[in-house]
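Enquirer: Before we start, here is the structure in question, set down as structure tokens.
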There are 2 protein chains.
Amino acid sequence: MRRECKTESKVGRRSMTEHNLQHTILLLTRTPAALNALLRDLPDAWTLRNEGENTFSAYDVVGHLIHGERADWMSRARIILQFGETRTFESFDRLGHVRESEGKSLGQLLDEFARLRSENLDELRALSLRPEDLERHGRHPSLGAVTLSQLLATWAAHDLTHLHQISRVMAHQCREAVGPWSAYLGVLHCAGHSS
Amino acid sequence: MRRECKTESKVGRRSMTEHNLQHTILLLTRTPAALNALLRDLPDAWTLRNEGENTFSAYDVVGHLIHGERADWMSRARIILQFGETRTFESFDRLGHVRESEGKSLGQLLDEFARLRSENLDELRALSLRPEDLERHGRHPSLGAVTLSQLLATWAAHDLTHLHQISRVMAHQCREAVGPWSAYLGVLHCAGHSS
């Protein structure tokens, strides 16, 4: 299984086919509904608590995903298509959501995320990207040369990294309550891995 | 934030209040809908691939969650309430789902999980557990003495550990496609933590 996957990944590194772009879009369409089903109307004890100072709660993560819809993915895709490597992306502010989220309920944030994601995917589909478009290069302020294909795959993987984070942050809230079972629960042994 | 949380956790270690039981139940009700929104009708490339030999795909995880609904959580709760520590739980078979899932589509498994979870939560609510019931002890074959409160908290944390796993397994499928961004994606640096 791993071998199959690696073989395909090697192809994917050279060229994200239109078929794979479809797979990416299909995942991107699901995230707002999945977060909505998991989080809407849950008690604050699950959604507003974090893992300690300077860490995100589930509420913060949804705000961060919204900020990405506004300032990251499609903005950068447009820069690649219009300017290629001649214009470096602006740095993304990991705390850019804090002011934007102020005074909003989690329900409002979930609605906003769903609306922005839907608009962005409409725009992405309307671009009717060809394989040669996906191979166009842009310039990331820290990573250097990246392709449009890599940017779009990262959009999907970024959703998954934050779903992974939300499950870990929520599990943290019952870390003590599970007693000796904590030894068996992998999520309680995850250190986060993000900078 | 962390301090608040720790204070409550210390209370939680002594006694899961009825209020916290409600929180646990509220999370347990969400998992089937969240997995349904994330996974149903996604291409097999997302849902049937795993992280290598002897690892779970998202499909396998849903099968494993179903097996837990049949053989683990409420079965063990009934044993605690009926026999206390005098009857050790049967060991849970981590691969018990393999034969049960055979020939079934992911959609069928998602339906089955939703139905069984709903039935189990109906049964849990009907028990109208009092604080003193939650403090009753049972005997786990490896962990020794555990409380009903710990078992129920673990049911919720187990959902979260597998949501954490699903997001990691799916992210693994675009590990190469993201190119240099892999450095920033925490989920790609998660080793799994489960035995």
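The values are calculated or read from the model by the stated rules, or taken from the named source; none is laboratory data. All values reported here derive from a predicted model rather than from experimental measurement. Note that we place each Cβ from the backbone using ideal geometry, even for glycine, and neighbour counts take in every protein chain shown. Only protein heavy atoms, including side chains, enter the accessible area calculation; ligands, DNA and RNA are left aside. Shrake-Rupley method; radii C 1.70, N 1.55, O 1.52, S 1.80 Å.
Enquirer: Go ahead and run the numbers for FRET between B:Ser118 and A:Thr88, Cβ-Cβ distance against an R0 of 51 Å, rounding to 0.05. Kindly include the intermediate steps, with their values, before the conclusion.
Expert: Numbers: r = 52 Å, r/R0 = 1.01.
Taking R0 as 51 Å, the efficiency between B:Ser118 and A:Thr88 is 0.50.
Enquirer: Would you calculate, for chain A, the mean residue ellipticity at 222 nm contributed by helices, counting each DSSP H stretch of 4 or more residues as -39,500 (n - 2.57) and dividing by all residues, to the nearest 500? The partial results should precede the final answer.
Expert: Numbers: 9 runs with 119 residues, N = 195.
Value at 222 nm, helices only, nearest 500: -19500 deg cm²/dmol.
Enquirer: Please report the spacing between the Cα centers of the stretch B:84-160 and the stretch A:120-163 in Å, no decimals.
Expert: Answer, in whole Å: 41.
Enquirer: Report, please, the projected area of the stretch A:123-182 averaged over directions, based on the convex hull of its C-alpha atoms, in nm². Could the numbers behind the result be given before it?
Expert: Numbers: hull surface 26.8 nm².
Orientation-averaged projected area of the Cα hull: 6.7 nm².
Enquirer: Could you please state how large a percent of the accessible area of the protein assembly as shown is carbon and sulfur, counting protein chains only and using a 1.4 Å probe?
Expert: Details: 8240 of 17340 Å².
Of the solvent-accessible surface of the protein assembly as shown, carbon and sulfur hold 47 percent.
Enquirer: By how many degrees, between 0 and 90 and to the nearest 10, does the Cα long axis of helix A:58-71 differ from the longest principal axis of chain A?
Expert: So the helix axis and the longest Cα principal axis differ by about 20 degrees.
Enquirer: Right, next: When chain B is treated as a GNM, springs tying every alpha-carbon pair under 10 Å, which of B:Arg78, B:Arg117, B:Arg99 comes out with the largest mean-square fluctuation?
Expert: Per the Cα network of chain B with a 10 Å cutoff, B:Arg99 tops the list.
Enquirer: So if each residue of separation counts as 0.36 nm, and I subtract the Cα-Cα distance between B:Glu53 and B:Glu102, what length gain in nm does that give? Don't skip to the answer; put the middle values down first.
Expert: Numbers: separation 49, 0.36 × 49 = 17.64 nm, distance 1.84 nm.
Additional length available on full extension: 15.8 nm.
Enquirer: Then there is this: With every protein chain left in place, what is the accessible area per residue of the stretch B:37-190 in square angstrom, probe 1.4 Å? Provide the component values of the computation, followed by the final result.
Expert: Numbers: 6190 Å² over 154 residues.
Result: 40 Å² per residue.
Enquirer: Which whole-Hz couplings ³J(HN,Hα) result when phi for each residue of the stretch A:114-121 is put into the Karplus expression 6.51 cos²θ - 1.76 cosθ + 1.60, θ = phi - 60°, listed in order with x for Gly and Pro?
Expert: Ordered by residue, 3J(HN,Hα) equals 4, 5, 5, 4, 4, 4, 5, 6 Hz.
Enquirer: Distances longer than 24 Å among the Cα atoms of the stretch A:46-163: what percent of all pairs is that?
Expert: Numbers: 2152 of 6903 pairs.
Percentage above 24 Å: 31.
Enquirer: In peptide A:45-58, how many Cβ atoms from other protein chains are near each Cβ within 10 Å, on average?
Expert: Details: counts 7, 7, 0, 1, 5, 3, 3, 5, 3, 1, 2, 0, 1, 0.
Partner Cβ neighbours, averaged per residue: 3.
Enquirer: Working from Cα positions, state the angle (0 to 90°, nearest 10) between the long axis of helix A:18-39 and the longest principal axis of chain A.
Expert: 20
Enquirer: Would you mind giving the average projected area, over all directions, of the Cα convex hull of the protein assembly as shown in nm² with one decimal? Don't skip to the end; give the middle numbers.
Expert: Numbers: hull surface 74.2 nm².
In nm², the orientation-averaged hull projection of the protein assembly as shown is 18.6.
Enquirer: Excluding ligands, DNA and RNA, what is the accessible area buried between chains A and B, summed over both sides, using a 1.4 Å probe, to the nearest 100 Å²?
Expert: Values: alone 11760 and 11740 Å², together 17340 Å².
What A and B bury together is about 6200 Å².
Enquirer: Quick check: the angle from helix A:2-14's long axis to the longest principal axis of chain A, C-alpha only, nearest 10 degrees?
Expert: Value to nearest ten degrees: 50.
Enquirer: May I ask you to evaluate 6.51 cos²θ - 1.76 cosθ + 1.60, the Karplus curve with θ = phi - 60°, for each residue of the stretch A:86-101 and list the ³J(HN,Hα) values in order in whole Hz, giving x for glycine and proline?
Expert: 7, 10, 5, 4, 6, 5, 8, 8, 4, 10, x, 7, 4, 5, 4, 7
Enquirer: Mind listing the phi-derived Karplus ³J(HN,Hα) values for the stretch B:174-187, rounded to whole Hz, using 6.51, -1.76 and 1.60 with θ = phi - 60°, and x for any glycine or proline?
Expert: Running phi through 6.51 cos²θ - 1.76 cosθ + 1.60 with θ = phi - 60° gives 10, 4, 7, 5, 7, x, x, 5, 4, 4, 9, 9, x, 4 Hz.
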